[in-house]
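The values are calculated or read from the model by the stated rules, or taken from the named source; none is laboratory data. Keep in mind the model is a prediction, meaning the values are calculated, not measured. Reconstructed Cβ throughout: ideal geometry from the backbone, glycine too, with neighbour counts over all protein chains shown.
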Amino acid sequence: MSGDSLRLLRFGIKPLVAAACLAPLAVLALRTAGLFGLGFGPNPVEEIQDVLGKTGLNLLLLTLTITPLRQWTGWIHLMRLRRMLGLFAFFYVFAHFVFYLAVDQGLDWRIVLEDVAKRPFITAGFAALLILVPLAVTSTQSAMRRLGRRWQRLHRLVYLAAFLGCAHYYWQVKADVREPLVYFAALAVLLGWRAWKWRSR
């Protein structure tokens, strides 16, 4: 990578991507403060949870698009954005869970554990979070060097986490499942492309 390209990525593209990733959180803060006429509907807790969870899922799927886009466009610099997008995805998924735990359930672990055991969409979401924790912890360059080939095998679990995230969204929706099905379709395309590339090798 040339010096100019590296500077463009570090001081131009990365800050813009980071700002875009933080935008949903900023909008939630403005709505919570009631600034600029923004606010929530009759169920603000559910709205905040939904924004956090859906943003995390969006960023998780966006992370999975980096490799296909890099191979289609030949722009190798895209790979330098993947880790940042993945960490932002984990941040929103974790915030989604913490908000559910602290605000929705009032830190009552008994109710939370009952939800995890009895409600499929809670089970799927909690399982996705547990998978993402070691992926976030081992996202550093030092972890990549230390784990070697095992790092790649470990991080393939992101596909399972994305599937569980889509299932969590699908089972949560009570009536109109068209939007969750769009997420499943996007994930199917991304996994199908990877399967096709693997077979072509």
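Could you check region 121-141 and list, in sequence order, the residues that are at pLDDT below 90 and either part of a helix (DSSP H, G or I) or on the phi > 0 side of the Ramachandran plot (or both)?
Gln141
Inside region 128-159, can you point out the residues that are over 19 Å from Ala89 (Cα atoms) and among the polar types (S, T, N, Q)?
Matches in region 128-159: Ser142 only.
If you check Asp108 against the conditions, is it more than 17 Å from Ala161 (Cα to Cα), touching a residue at least 12 places away in the same chain (Cβ under 8 Å), surrounded by fewer than 19 Cβ atoms within 10 Å (Cβ to Cβ) and among the acidic types (Asp, Glu)?
no
The rows are residues; the columns are (1) more than 18 Å from the chain's Cα centre (by Cα); (2) crowded, with 19+ Cβ neighbours inside 10 Å; (3) among the hydroxyl-bearing types (Ser, Thr, Tyr).
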position	(1), (2), (3)
Leu59	no, yes, no
Ile66	no, no, no
Trp72	yes, no, no
Ala102	yes, no, no
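Condition test on Tyr92, is it buried (at least 16 other Cβ atoms within 10 Å of the Cβ), closer than 30 Å to Arg153 by Cα, in contact with a helix residue (DSSP H, G or I) (Cβ under 7 Å, 6 or more places away or on another chain) and of a type in the set (Phe, Trp, Tyr)?
yes
Give me a count of the residues in region 24-53 that are more than 20 Å from the chain's Cα centre (by Cα), of a type in the set (Gly, Ala, Ser) and in a helix (DSSP H, G or I).
Count: 2.
Just name the residue that is farthest from Leu190 (Cα to Cα) out of those in region 23-57 that are buried (at least 19 other Cβ atoms within 10 Å of the Cβ) and of a type in the set (Val, Ile, Thr).
Ile48
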